[in-house]
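**Student:** Mind looking over this structure? Questions follow.
The values are calculated or read from the model by the stated rules, or taken from the named source; none is laboratory data. Computed from a predicted structure; not experimentally measured. In this analysis, Cβ positions are derived from the backbone assuming ideal geometry, glycine residues included, and neighbour counts consider all displayed protein chains.
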Amino acid sequence: MSDLASETIAPGFSERAFYQSEFRGRTLALAAPRSEDLRHPAVTDALDILEKGGGRVVLVAPDRDALDLHTHGATFPALEDRLEGVLWRQLDKTARVGVHVGADDFAAALRGLAAGLRFFKVVRLDEEGGLETVEEGRHSFVDLEELKGWLAEGGSSLAGADRMALWKEVAALLGAGLPAVNVCTAAGLTEELFTYSGVGTLFTRERYVGVRALTIDDYAAAADLVARGMEEGYLAPRSEAEIDRILVSGFGAFVEDHHLAGMGALLHWDDQGEISALYTLTRFLGEGVGQHLVAHAVERAASLGLRGIFACTTSERVASFFESVIRFPAPREIG
């Protein structure tokens, strides 16, 4: 039984630890143009989690006092001589440093920092959270080309015409070479950075979803997805041996090659292949992840010389999904 659903936490796997590993030994920028955002308790919690996990943070804000609270006084003006070197040396001593910028030149100062220090990610706090379109609501993931398309049409598809300046700012950061920008509320910062569900929007310079075979380092997260699916009845019960087989034959849809958005496996006997354990996290529904996974399975089946490919489900909705997306050159069976 296969499906695309779920969000309940299954025991035995720590989402926080999984996402903390992304930040370990890396430096991100947390940008907060509003004082109330930087002073939100969730920001303090997120900074503590990042520090305990080995991450480093450059906080960028016009509120000097709030910066000093978070950095214990390790705050420097944006016009500091040789700012990049100063920040690098300070981060060797402490996990957090602050950069005090003027409110009027906040966006330009942030771009300059990102270009000079080449953060792997900028997290931009905004009171309205992530990007929304008029017809589809919030988008969890947007790549630069998609964002450029919306901006080129004057933002007519976007909800909130008054937010165009922010989206242009995000496009400028990505266009300057920054790999990723998260936009979320201060209250949702911890959930955005350390959970599957997320509450904002992750913008990426490159296409955000890539499908590849699971590696041993992905097994814990993938096994958690299988457990979730089984617990909720979306996936058929599996023994430990069967789960091991799924993992070895499995493939995942990854965002930034790290965030596991969904998974599946191609099991085969003789000349027939079965798409098994197909599962997509709720946050990624509507992002085309299921189609990417099925396309990968079909390509894999063709490379193995299989004559047919099928999937089993008790759901009419899921059966319709498979029938609409499976395109195999040889005869196939869908049950």
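**Student:** Quick one: is Leu235 surrounded by 15 or more Cβ atoms within 10 Å (Cβ to Cβ), within 19 Å of the chain's Cα centre (by Cα) and touching a residue at least 24 places away in the same chain (Cβ under 8 Å)?
**Tutor:** no
**Student:** Within the range 146-164, track down each residue that is touching a residue at least 24 places away in the same chain (Cβ under 8 Å) and surrounded by fewer than 16 Cβ atoms within 10 Å (Cβ to Cβ).
**Tutor:** Ser157, Ala159, Gly160
**Student:** Okay, moving on. Quick one: Phe13 ticks every box in (1) buried (at least 18 other Cβ atoms within 10 Å of the Cβ); (2) at pLDDT below 95 bar one, so which box is it?
**Tutor:** Unmet condition: (1).
**Student:** Condition first: of a type in the set (Val, Ile, Thr) and either closer than 15 Å to Ala297 by Cα or part of a loop (DSSP other than H, G, I, E, B) (or both). Now tell me which residues in the range 238-272 satisfy that.
**Tutor:** Of everything in the range 238-272, those that are of a type in the set (Val, Ile, Thr) and either closer than 15 Å to Ala297 by Cα or part of a loop (DSSP other than H, G, I, E, B) (or both) turn out to be Ile246, Val248.
**Student:** So Ile49 fits all but one of (1) farther than 24 Å from Glu84 by Cα; (2) modelled with pLDDT of 95 or more; what number is the exception?
**Tutor:** (2)
**Student:** Looking only at the range 196-220, count how many residues are surrounded by fewer than 19 Cβ atoms within 10 Å (Cβ to Cβ) and part of a helix (DSSP H, G or I).
**Tutor:** 4
**Student:** If I filter the range 199-224 down to residues being aliphatic (A, V, I, L, M) and in contact (Cβ under 8 Å) with a residue 60 or more places away in the chain, which single residue comes out as nearest to Val289 (Cα to Cα)? Steps first, answer last, please.
**Tutor:** Keep residues of the range 199-224 that are aliphatic (A, V, I, L, M), which gives 199, 202, 209, 211, 213-214, 216, 220-223.
From the residues that got through so far, the ones that are in contact (Cβ under 8 Å) with a residue 60 or more places away in the chain too are 199, 202, 209, 211, 220-221, 223.
Working: Val199: 18, Leu202: 15, Val209: 7, Val211: 9, Ala220: 20, Ala221: 17, Ala223: 18 Å.
Selected residue: Val209.
**Student:** State whether one or more residues within the range 74-84 are in the same structural domain as Leu193 (by TED's automatic domain parsing), closer than 27 Å to Phe194 by Cα and of a type outside the set (Asp, Glu).
**Tutor:** yes
**Student:** Determine if the range 103-119 includes at least one residue that is closer than 18 Å to Val183 by Cα and in contact with a Ser or Thr (Cβ under 7 Å, 6 or more places away or on another chain).
**Tutor:** Checked against the condition, which is being closer than 18 Å to Val183 by Cα and in contact with a Ser or Thr (Cβ under 7 Å, 6 or more places away or on another chain), the range 103-119 yields at least one hit.
**Student:** Taking the condition in contact (Cβ under 8 Å) with a residue 12 or more places away in the chain and either polar (S, T, N, Q) or in the same structural domain as Glu169 (by TED's automatic domain parsing) (or both), does Gly55 pass?
**Tutor:** yes
**Student:** Go through the range 130-145 and count every residue that is within 22 Å of Ala186 (Cβ to Cβ), surrounded by 14 or more Cβ atoms within 10 Å (Cβ to Cβ) and either without any contact (Cβ under 8 Å) to a residue 40 or more places away in the chain or over 19 Å from the mean Cα position of the chain (by Cα) (or both).
**Tutor:** Number satisfying all stated conditions: 1.
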